[in-house]
1. Name the residues in the stretch 198-221 that are farther than 24 Å from Ile4 by Cα and assigned to a helix (DSSP H, G or I), would you?
2. Consider Lys93 carefully, then state whether it is open to solvent by 80 Å² or more (accessible area, probe 1.4 Å) and touching a strand residue (DSSP E or B) at 6+ places or on another chain (Cβ under 9 Å).
3. Please verify whether Val189 is over 30 Å from Glu8 (Cα atoms), out of contact with any helix residue (DSSP H, G or I) (no Cβ under 9 Å at 6 or more places or on another chain) and either open to solvent by less than 40 Å² (accessible area, probe 1.4 Å) or modelled with pLDDT of 90 or more (or both), treating the condition exactly as stated.
4. Are any of the residues in the stretch 100-117 open to solvent by less than 40 Å² (accessible area, probe 1.4 Å), on the phi < 0 side of the Ramachandran plot and touching a residue at least 60 places away in the same chain (Cβ under 8 Å)?
5. In the stretch 124-150, what count of residues is obtained for those that are part of a strand (DSSP E or B) and over 13 Å from Ser171 (Cα atoms)?
6. With the condition kept exactly as written, say whether any residue in the stretch 134-143 is modelled with pLDDT under 90 and aliphatic (A, V, I, L, M).
7. Could you check Gln247 against (1) surrounded by 13 or more Cβ atoms within 10 Å (Cβ to Cβ); (2) out of contact with any Phe, Trp or Tyr (no Cβ under 8 Å at 6 or more places or on another chain); (3) at pLDDT 70 or above and say which number it fails?
8. Please go through (1) at pLDDT 90 or above; (2) over 30 Å from Gly28 (Cβ atoms); (3) in a strand (DSSP E or B) for Pro76 and return the number of the only condition it doesn't satisfy.
Amino acid sequence: MNDIKERELKGGNGWLMLAITVLGILAGIVLFAVSVTLIGGDDNTEHPAYFALTAAGIILFVVALFCMAGLKVIAPNEAIVLTLFGKYHGTIKKDGFFFVNPFCSSVNPAAAFGGKAGRKLSLKAMTLNNEKQKVNDEEGNPIEISVVVIWRIRDTAKAVFAVENYMTFISTQCDSSIRQVARQYPYDVSENGDEKSLRGSSQEIADVLKGELQSRVDTAGIEILDARINNLAYAPEIAAAMLQRQQAAAIIAARQKIVDGAVSMVDMALKKLSDNNIVELDDERKAAMVSNLLVVLCGNRDAQPIVNSGSIY
């Protein structure tokens, strides 16, 4: 089956053949009616010419009616794969009204997939919303992930003859690709933050996933247009612990930012007091001032000021 290559058929003029078949049906009816009328007479009941006329009318009617099966209507971005006595005959991709060999039969193994009926293949871009599944990331953490894949049929012969059902095939390969890609990256970046992650490197992961999936579905003649992560979360059994870990990391980062800002503000205050000759403080008073300012600037609650009305000494 891998040697089968797509062969495009042009097909005959469907409108011309429709006119011919209609004329053939009408002619067969007329011949049959005339022969019955003539044979009905007492003098012509055994004349062989009238029996031949009857047979010709019946045969013409049946042949014209059978040729109607060769008329095919193809809509834009649709294709029909034809086989002739079990062998691949060709594919019609051009939209229009065509006539093909009436003995040809159309093939579409995925005709009943998802409740859809029909023998035509859609060449439109289609969306596969893969179900959420539980996988392990690079660090072994269980995560829940799902992807959305946009794809289309590129080679109709491979899609029909190379795999049993191309719809089921791409869905299965999508599951396998997700597991393969998820094992290569952590859910989130590490502390140094110099590596790719499933959550932080969406575009890079999408490109890797697209390439991985494309290599798997080439045998079915399918082209992957886009593949992106649709849903990503920790598994329920570790979600609470990972949330606490993220909260702790966020609190530490926020505290570091607050401390850096507080130290900068204290340094600026001391320099302003000294440069403007507002007050001269010894090392002990500077240490007390620094301590008080840091408590005020780094505290979680609003400070309660205490006014000193006496001497500072």
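1. Ser202, Gln203, Glu204, Ile205, Ala206, Asp207, Val208, Leu209, Lys210, Gly211, Glu212
2. For Lys93, the condition - open to solvent by 80 Å² or more (accessible area, probe 1.4 Å) and touching a strand residue (DSSP E or B) at 6+ places or on another chain (Cβ under 9 Å) - is not met.
3. no
4. yes
5. So the answer is 7.
6. yes
7. Condition not satisfied by Gln247: (1).
8. (3)
The values are calculated or read from the model by the stated rules, or taken from the named source; none is laboratory data. Note that the structure is predicted; figures quoted are calculated from it, not measured. Heads up, the Cβs are rebuilt from the backbone with ideal geometry, glycines too, and the neighbour counts pull from every protein chain shown. For accessibility, only protein heavy atoms count, side chains too; no ligands or nucleic acids. Shrake-Rupley method; radii C 1.70, N 1.55, O 1.52, S 1.80 Å.
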